[in-house]
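Structure first, then comments.
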Amino acid sequence: MSKTVSGFSKLNKLEKIDWLVSTYFNNDNKVKQILMQYWNSNPVLQDLHDDFIENTISNFYLPFGIAPNFIINGKHYTIPMAIEESSVVAAASLVAKFWSTRGGFKAEVISTSKIGQIHFMYEGAKADLENYFVSKKASLLEATADITKNMRQRGGGILDIELHDKTFELDNYYQLHVTFETVDSMGANFINSCLEAIAIAFEKEGIQIVMSILSNYVPDCLVRAEVICKVEDLYAENSELFAQKFVQAVQIANAEPHRAVTHNKGVMNGIDAVVIATGNDFRAIEAGVHAYAAKSGRYKSLTNASIENGIFKFWIEIPLAVGTVGGLTSLHPLSKLSLKLLGNPTAKELMEIIAVAGLAQNFAALRALTTTGIQKGHMKMHLTNIIKQLGASEEEKEYLINYFENTTITHNAVVEAYNKLVGDK
């Protein structure tokens, strides 16, 4: 049977599902039921979700949780997090409570400019190109006047246009490097529209425009978050040893790329969860963050730690291009609710909140790794997922949770305990 289909996008949602079930699932009606049970019962809300992407057949839900007790720059926050991984929200909450009695988190935005580039090829003399650029620069800015009008009224717009010679990387390759301020919007559509208008105004015989597109690498859209306390206030047992091992763990992540990747993945557990909950683009942020982690030519830790004169400091400096207006942030009901929960922050404030979430998550991971080990807490949270997979009753679930309170948790151990429990009945 052919799996090629024509005119698929013109089918309605049920027709799409029927084609999928008949072509790939042997007309198994259970598949259709699974897809339809995730439809929202509110038709208006479902229509909204259907319009987010193309060829929608159902919704894919992520758990939406909250992590309370965060204090950031003296202000209390409960942070929304959308993520499927066990222990992330619990870890963030515990760390928030821990630092709330030690001065909380401090955060500041260092810079907010974003980048767009017009990539083009030019075979003529570099001096002629430079002269042409200088003569055209004012008119290039003027070409975007209609597009930038509203953004300029909000305090944003185009900051500068530069001609970059990239011929050392690729023969005849140059670019117009454009920096933007987009205030409270992420600004992707705005930036791309400006770039295309500039490209049209700049193009002439001998200049071959290849493409015009924003960059998700934003090393000048930076935010810093940190926590500070006396070493003696860090841990109940042997604070000095704990602080020393903690700093060494960060140093190892800076020295060993294999460790750094996993280290930074833990940071992104916290960051992505808040980015998704607030309707921002986690793929763009992931790409930019990991590029920033490798800016020295070697992939390193996103966080740093130090001990000086009995003071422990732990901090993160990270690029985050986020928005609080436009796009999904203004459409998705839970994204709007998340922003309202956070006090309707500006983009700068949201940058600070997200950076803090990443720092908190990394602190939780390093504290576990350097003390009890990561698996004890993680598997305890994962226990309920294993129990659900086994189809245990509430009574059986309660027994198993109590049984594994002081017993090592592995998937096989839970299965064996469950089978024995069922067999003994």
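Rule-based calculations on the coordinates, nothing more; no lab input. Bear in mind that the values here come from a model prediction, so they are computed numbers and not experimental data. Counting neighbours? That spans all protein chains shown, and the Cβs are built from the backbone with ideal geometry, glycine included.
Report, in whole Å, the centroid distance computed from the Cα atoms of the range 315-331 and the range 179-253. Using only Cα atoms to place each centre, the spacing works out to 11 Å. Between M186 and G323, T324, V325, the built amide H atoms are under 5 Å apart, and every one of these is 5 or more places off in sequence or on another chain. Ordering D220, D128 by the number of other Cβ atoms within 10 Å of each residue's own Cβ, fewest first, gives D128, D220. A simple rule links phi to the HN-Hα coupling: the Karplus curve 6.51 cos²θ - 1.76 cosθ + 1.60 with θ = phi - 60°, which for the range 414-419 gives 5, 4, 5, 5, 5, 4 Hz, with x for Gly and Pro.
The HN-Hα couplings worked out from phi for the range 216-224 by the Karplus form 6.51 cos²θ - 1.76 cosθ + 1.60 (θ = phi - 60°) are 8, 8, 10, x, 10, 10, 10, 9, 10 Hz, whole numbers, x standing for Gly and Pro.
Give me Rg over Rh for the range 28-123, both radii from the alpha carbons and Rh done the Kirkwood way, two decimal places.
Numbers: Rg = 21.6 Å, Rh = 18.1 Å.
On the Cα set of the range 28-123, Rg over Rh gives 1.19.
Would you work out which of Q389, P257, N216 lies farthest towards the positive end of the dipole of the chain? Charges go on Cβ: Lys and Arg +1, Asp and Glu -1. After comparing all options, I get Q389.
Using the Kirkwood radius built from alpha carbon pairs, what does the Stokes-Einstein equation give as D for the range 283-425 at 4 °C and 1.567 mPa s, in µm² per second? Could the numbers behind the result be given before it?
Values: Rh = 19.3 Å.
The calculation lands on 67 µm²/s.
Largest first and in whole Å, the equivalent-ellipsoid semi-axes of the range 204-272 read 43, 15, 11, each the square root of five times a Cα gyration tensor eigenvalue.
Tell me the Kirkwood hydrodynamic radius of the range 114-214 in angstroms, computed as one over the mean inverse distance between distinct C-alpha pairs.
Numbers: mean 1/r = 0.0726 Å⁻¹.
Its Kirkwood hydrodynamic radius stands at 13.8 Å.
For the range 8-50, what log10 I(q)/I(0) values come out of the Debye formula at q = 0.26, 0.32 1/Å, with one point per alpha carbon and no solvent? Log10 I(q)/I(0), no solvent term: -0.95, -1.09.
Couplings 3J(HN,Hα) for the range 335-346, derived from phi with the Karplus relation 6.51 cos²θ - 1.76 cosθ + 1.60 (θ = phi - 60°), are 5, 5, 5, 4, 5, 5, 4, 7, x, 6, x, 6 Hz, where x marks Gly and Pro.
Estimated from helical segments only, the mean residue ellipticity of the chain at 222 nm is -15500 deg cm²/dmol, where each DSSP H run of four or more residues counts as -39500 (n - 2.57). The three principal axes of the Cα atoms in the range 229-324 give end-to-end lengths of 41, 30, 19 Å, sorted in falling order.
State the label only: which of [x] 0.95; [y] 1.04; [z] 0.98 corresponds to Rg/Rh (Cα atoms, Kirkwood Rh) computed from the shown model? Answer label, from the structure shown: [y].
Arranged from fewest to most other beta-carbon atoms within 10 Å of their beta carbon, L234, L214, L421 become L421, L234, L214.
If you run the Gaussian network model on the chain, springs between alpha carbon atoms under 10 Å, then out of I83, I72, I110 the most flexible one is I110. In summary, the convex hull built on the alpha carbon positions of the range 377-424 has an orientation-averaged projected area of 3.0 nm². Of all aspartates and glutamates in the structure, those lying under 15 Å Cα to Cα from K13, and not within fewer than 8 positions of it along the same chain, are D47, D50, D51, E54.
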